[in-house]
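Engineer: Sharing a structure with you now.
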Amino acid sequence: KPEKDKLIIGIDLGGTKIGIALVNRNGQIKDYLKTATLAEQGREKVVGRLLQNICHMINKSRENDNEISGIGIGIPGPVNSKLGIVNFAPNLPGWDNVPIKNILEKELNIPVKIENDANAAAWGEKIYGVAQGVNDLICITLGTGVGGGLILDGKIYHGKNFYAGEIGHMVVNKEGPQCNCGGYGCLEVYSSATGIRNR
């Protein structure tokens, strides 16, 4: 009997959508599921929806006799990737100091790693994308918000308190509209997909 594939679940938790992919160790996507975040319903409902969709992917994997060896989640905003805590997610109401790693590991009994979504995108480009062989880069993500991921000397640069690369919350017009972060005139208010649509 052939050896079972060890697959990873990769998650992009966004302010508008949740993307969940079943991925092998070569970065090939074996299955993909997209659903609305419905962030306005609150943290508990979003976590419940996340768990439901993760379980769906786990079951699909088991049907094909594959095992899940881990889960990686990209989350918008500053996250403490060492402790697995979402410090603050401006586009996810109620996501302040949320120990998402512990919550998911307790429910699923599978190792979970979290990272800022733009950092995860930057790392993905370094390993599998246009930045292969590059040790210093910035990756800018545009979606519900604006993010920035930094790779310096071949490593993700988190900076003090894991806030490095948060270019979406640089103030570009101190008299501008209020941002979800509470500030006024942030780049995100103008340049994110949401900001462009609103304008």
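Engineer: Apply the Karplus curve 6.51 cos²θ - 1.76 cosθ + 1.60, θ = phi - 60°, to the phi angles in segment 187-199 and return the couplings in whole Hz, x for Gly and Pro.
Structural biologist: 3, 4, 4, 9, 10, 6, 4, 5, x, 5, 4, 4, 6
Engineer: Moving to a separate point now. Can you pull out the trypsin sites (Lys or Arg not before Pro) in segment 93-182 that DSSP calls coil and that have at most 16 other Cβ atoms within 10 Å?
Structural biologist: Lys174
Engineer: I'd like to know which of Leu50, Gly129, Pro177 lies farthest towards the positive end of the charge dipole of the chain, counting +1 on Cβ of Lys and Arg and -1 on Cβ of Asp and Glu.
Structural biologist: Among Leu50, Gly129, Pro177, the one farthest towards the positive end of the dipole of the chain is Leu50.
Engineer: Considering only DSSP states other than H, G, I, E and B, which GluC sites (Glu not before Pro) in segment 126-199 qualify as loop sites with at most 14 other Cβ atoms within 10 Å?
Structural biologist: Glu175
Engineer: Hey, another quick one. Averaged per residue, what accessible surface does the chain expose to a 1.4 Å probe, in Å²?
Structural biologist: Values: 10990 Å² over 199 residues.
Heavy-atom SASA per residue in the chain reads 55 Å².
Engineer: Segment 8-64 to segment 68-94: how many Å between their Cα centroids?
Structural biologist: Measuring centre to centre over Cα atoms gives 14 Å.
Engineer: I've got another one for you. Counting only C-alpha contacts under 8 Å and six or more residues apart, can you give the relative contact order of the chain as a whole percent?
Structural biologist: Relative contact order, the chain: 15 percent.
Engineer: Round to the nearest 0.05 the FRET efficiency obtained for Gln52 and Lys113 when R0 = 25 Å and r is the Cβ-Cβ distance.
Structural biologist: The pair Gln52/Lys113 has a calculated efficiency of 0.75.
Engineer: Additional query: Which residues make up the longest stretch of the chain clear of chymotrypsin sites (Phe, Trp or Tyr not before Pro) that lie in a DSSP loop with no more than 16 other Cβ atoms within 10 Å, not counting the sites?
Structural biologist: The longest uninterrupted stretch comes out as 1-156.
Engineer: Quick one: pull the percentage of alpha-carbon pairs in the chain with a separation above 29 Å. Please report the intermediate quantities before stating the final value.
Structural biologist: Working: 4709 of 19701 pairs.
Here the long-distance tail beyond 29 Å is 24 percent of all Cα pairs in the chain.
Engineer: Just to verify a number: FRET efficiency for Lys82 and Gln178, C-beta to C-beta distance, R0 = 30 Å, to 0.05?
Structural biologist: Numbers: r = 31 Å, r/R0 = 1.05.
According to the calculation, E is roughly 0.45.
Engineer: So, one more: Find out how many positive minus negative residues lie around Lys82, taking Lys and Arg as positive, Asp and Glu as negative, among other residues whose Cβ is under 15 Å from that of Lys82.
Structural biologist: Every neighbour counted, the sum reads +2.
Engineer: Treating the angle as unsigned and between 0 and 90°, give the value, to the nearest 10°, between the Cα long axis of helix 43-63 and the longest Cα principal axis of the chain.
Structural biologist: Once rounded, the angle reads 30 degrees.
Engineer: Right, here's the next one. Under a straight-distance cross-link criterion of Cα-Cα below 22 Å, which lysines are reachable from Lys101, leaving out those fewer than 8 residues away in the same chain?
Structural biologist: Leaving aside lysines fewer than 8 places away in the same chain, those within reach of Lys101 are Lys6, Lys17, Lys34, Lys45, Lys82, Lys113, Lys155, Lys160.
Engineer: Along the Cα→Cβ direction, 7 angstrom out, place labels at Asn97 and Gln41. What is the inter-label distance in nm?
Structural biologist: 2.7 nm
Engineer: Given Asn26, Ala120, Asn64, which one lies farthest toward the positive end of the charge dipole of segment 1-138, if we put +1 on the Cβ of every Lys and Arg and -1 on the Cβ of every Asp and Glu?
Structural biologist: Asn64
The values are calculated or read from the model by the stated rules, or taken from the named source; none is laboratory data. Just so you know, these numbers come straight off a predicted model, no measurement behind them. FYI the Cβ positions are ideal-geometry reconstructions off the backbone, even for glycines, and counts take in every protein chain you see. Quick note on the areas: whole protein, heavy atoms, side chains included, nothing else; ligands and nucleic acids left out. Shrake-Rupley method; radii C 1.70, N 1.55, O 1.52, S 1.80 Å.
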